[in-house]
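Worksheet: one structure, shown below.
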Amino acid sequence: MSGSVLASDALNFDAIIAAFYQHGWVWLPNFLSHELNAALLHEAQYEAQLTPAGIGRLGDHQLNQQIRRDATQWFDGQSAAQQQYLALMAQLQLVFNRRCFLGLFDFECHFARYNQGDYYQKHLDAFSGRSNRVLTTVSYLNSVSAGGELALYDEHDQLIDKFLPTAGSLVLFESERFPHQVLPAIDTRYSIAGWFRKNTSINGVLDPAS
């Protein structure tokens, strides 16, 4: 796994940036502390109002269970666990802006639950020149024995790796560069999907975070 950063380097920003520069993606096996991960998992399991996820944004939003079957709830920043997670991602945003000059403007994310058989077909999170999503992040909140892997592909549609959900880990990659999919879940899978975004506007109006 050539883009991985060792567990002891989970918040070693030099190692994170070095792996990102080389590969365009990075895997952090122990990104979240046990305490924060447990709090976020509890919220996702017992407090979040998860509803069937759609595809597209704003006027293009629609449900299509042939493409994706997960359930989601967007962060509103109201809980202590959400605030701690967003603060951690703000640290990443600052480092990427200072070291990689990406112009990241904000971060949006949601809880996601994949029950047995749920999946998300192969897709890109951004299309060149037509999206403000720059970096995609996936934080896993629980470990599973099989199923629900994130399959990451390169620009030539060749498989790079499959990431089995492992509690506390995070995968980060360039949104418009790497197609990816969530393979059918066997065990119920909880995660946080997020996007670092640049500042764009639609018809002169700032494109808001969802």
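Would you please give the FRET efficiency between residue 86 and residue 51, computed as 1/(1 + (r/R0)^6) with r the Cβ-Cβ distance and R0 = 22 Å, to the nearest 0.05? List each step's numbers first, then the result.
On the way: r = 21 Å, r/R0 = 0.96.
My answer for the efficiency is 0.55.
Given Cβ point charges of +1 (Lys, Arg) and -1 (Asp, Glu) and nothing else, what value in debye, to the nearest 20, does the dipole of the stretch 150-200 about its Cα centre take?
Details: 5 positive and 7 negative charges, 55 e Å.
Taking the Cα centre of the stretch 150-200 as origin, the dipole is about 260 debye.
Given Cβ point charges of +1 (Lys, Arg) and -1 (Asp, Glu) and nothing else, what value in debye, to the nearest 20, does the dipole of the stretch 124-166 about its Cα centre take? Display every interim value, and only then the final one.
Values: 3 positive and 6 negative charges, 43 e Å.
Dipole size: approximately 200 debye.
Would you work out if the stretch 139-193 is rounded, prolate or oblate? Take a ≥ b ≥ c from the square roots of the eigenvalues of the alpha-carbon gyration tensor; rounded if a/c is under 1.5, else prolate when a/b is larger than b/c, oblate otherwise. Show your work: numbers first, answer last.
Numbers: a/c = 2.53, a/b = 1.64, b/c = 1.54.
In terms of gyration-tensor shape, prolate.
Express in Å², to the nearest 10, the accessible area of residue 160 obtained by rolling a 1.4 Å probe over the protein heavy atoms while all chains stay in place.
60
Hey, rough spin-label estimate for residue 22 and residue 127, points 7 angstrom out along Cα→Cβ, what's it come to in nanometres?
3.4
For the stretch 92-155, what class follows from the C-alpha gyration tensor (a ≥ b ≥ c being the square roots of its eigenvalues): rounded when a/c is under 1.5, otherwise prolate if a/b is larger than b/c, else oblate? Before the final figure, lay out the partial values.
Details: a/c = 2.36, a/b = 1.71, b/c = 1.38.
Note, shape of the stretch 92-155 comes out prolate.
The values are calculated or read from the model by the stated rules, or taken from the named source; none is laboratory data. Every value quoted in this text rests on a predicted model; they were computed, and no experiment measured them. In this analysis, Cβ positions are derived from the backbone assuming ideal geometry, glycine residues included, and neighbour counts consider all displayed protein chains. Remember, those area values only see protein heavy atoms, side chains included, never the ligands or the DNA or RNA. Shrake-Rupley method; radii C 1.70, N 1.55, O 1.52, S 1.80 Å.
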